[in-house]
Amino acid sequence: MRRLGLILALLLALLGTAGVSAREIRQGDECIIPADEVIQDNLFVLCRVLTINGRVEGNLLGAASVATLNGTVTGDVYLLAGQLDFNGVVGENLHFVGPVLNVRSRARFDSPRSDLVAASLSANVAAALPGSATYLGYELRLDGEVNGEVNFWGGALMIGGTVGGDVNASVGDPDATAFPQWLNLLFPLFWNAQVQTPGLTLTEAGAITGDLRYTGPVEATLQGRVTGATVYTPVSAQPDLTQIIPEDQRGGREVSVYLAQVVQEFVTLLVIGLIGLSAAYRPLQLPLRQMQARPLWSLLLGVAGLILGILLWLTVIGLGVLLILLLAWLQLSSLVLIASVALVVVALGWAGIFFIGAWFVSRVLTALFIGRWLVRVAVGDDGSQRVTYLSLIVGLIVLALLAS
């Protein structure tokens, strides 16, 4: 999370200190630069749908829900968008923030030092990149040639082309499939994309001329060629008991580790549950009654709330970046710095609160729901606080046993 904040701040600083002043402004529901139009200056855009078929003699800055770049931008691109399809020509560097980035095979970077800097959920780069690629997000697929180095922080990195420099990557656990499954449920609703399994993969067609340095829970799948050194740094993950426990001791030790995990899960959720009931006993009764009366509807509502929370978080970040772009356009450098810091604080704070609510509070409510049903069947429910606390303990025992 700390690394995410630092890189987000770096991206915002890039947007705020680009040193450009946009003279041409296009805004509205649909903005189209036709093929025969040439804009002799920097272009600032704020559109729902952006399509550039013509030529921009300068930099492109702004935001759009959906952006398509078929024409030419002679300078840098600084764009926030729900999805960017890049099929044209960029003279300098491409900076992108948004859920989906597609750099098609016919796209071209004119400068021999052109770099790609992106923060997104999914990115697919099929064109040749003269410089380096720096990426923060869930997945990045490199099918084109990258002349410089690749720096990656995320879940899944797949290299199917040639990387001329070093590759430095921090990847996720291939066995952790819950997040990719959620993304695959979410993506078809908004974008035409499917996400891949976490981890680092170098396909048979891929090659790394420099060194490969990566961290992750498991070793990478390396089918292609690595000319330089390969350095793997394992990170902590769920321990493999078959490797750390001698065969003649596995039965008892596995049970001990399992019971320790049960106790840890139970105590953690019990503390959170007792604090929640002490601070908000009555407000918690409403969602419990809703879960008891309409369990299926409550489940669907919870899934919808999860998706809505993610979308609202992305929207807040998008609006914040728009504000920073506007302040940069007005050349208010002090306000750009203040707004950048505020956006990072709000984004990380929101993510933390959302994580606590989705990961801990929801499990406590589920335990209360399970425990109340079991207590009602066993001894009855008189609606007293004593029964509520007993239901919490019973439900947490069941949940801890199953979750562990």
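Using a 1.4 angstrom probe on the protein heavy atoms only, line up VAL267, VAL125 by accessible area, largest first. Before the final figure, lay out each step's value.
Numbers: VAL267 75, VAL125 5 Å².
Result, largest first: VAL267, VAL125.
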If DNA, RNA and ligands are ignored and the probe is 1.4 Å, what is the ranking of ARG225, ARG363, ARG213 by accessible area, most exposed first? ARG225, ARG213, ARG363
Using modelled amide H (1.01 Å from N, peptide plane; none on Pro or chain starts), what sits under 5 Å from the amide H of THR162, excluding residues fewer than 5 places away? GLU145, VAL146, ALA207
So the FRET efficiency between VAL231 and VAL271, C-beta based with R0 = 41 Å and rounded to 0.05, is 0.50
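Once you list every other residue whose beta carbon is under 13 Å from the beta carbon of TYR78, what net charge do they have if Lys and Arg are +1 and Asp and Glu are -1?
Values: positive: none; negative: ASP76, GLU92, ASP115.
With Lys, Arg at +1 and Asp, Glu at -1, the neighbours total -3.
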Enumerate by residue number the trypsin sites (Lys or Arg not before Pro) in region 20-114 meeting two conditions: DSSP loop (anything except H, G, I, E, B), and at most 12 other Cβ atoms within 10 Å of the site's Cβ. ARG106, ARG113
Amide H contacts of ILE25 (H built 1.01 Å from N, under 5 Å, at least 5 apart or other chain): PHE44
Pop out the ³J(HN,Hα) list for region 129-137 in order, Karplus 6.51 cos²θ - 1.76 cosθ + 1.60 with θ = phi - 60°, rounded to Hz; leave Gly and Pro as x. 10, x, x, 10, 10, 10, 9, 10, x
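The values are calculated or read from the model by the stated rules, or taken from the named source; none is laboratory data. This structure is a prediction, so every number in the text was calculated from the model and none was measured. Heads up, the Cβs are rebuilt from the backbone with ideal geometry, glycines too, and the neighbour counts pull from every protein chain shown. Surface accessibility is based on the protein's heavy atoms, side chains included, excluding ligands, DNA and RNA. Shrake-Rupley method; radii C 1.70, N 1.55, O 1.52, S 1.80 Å.
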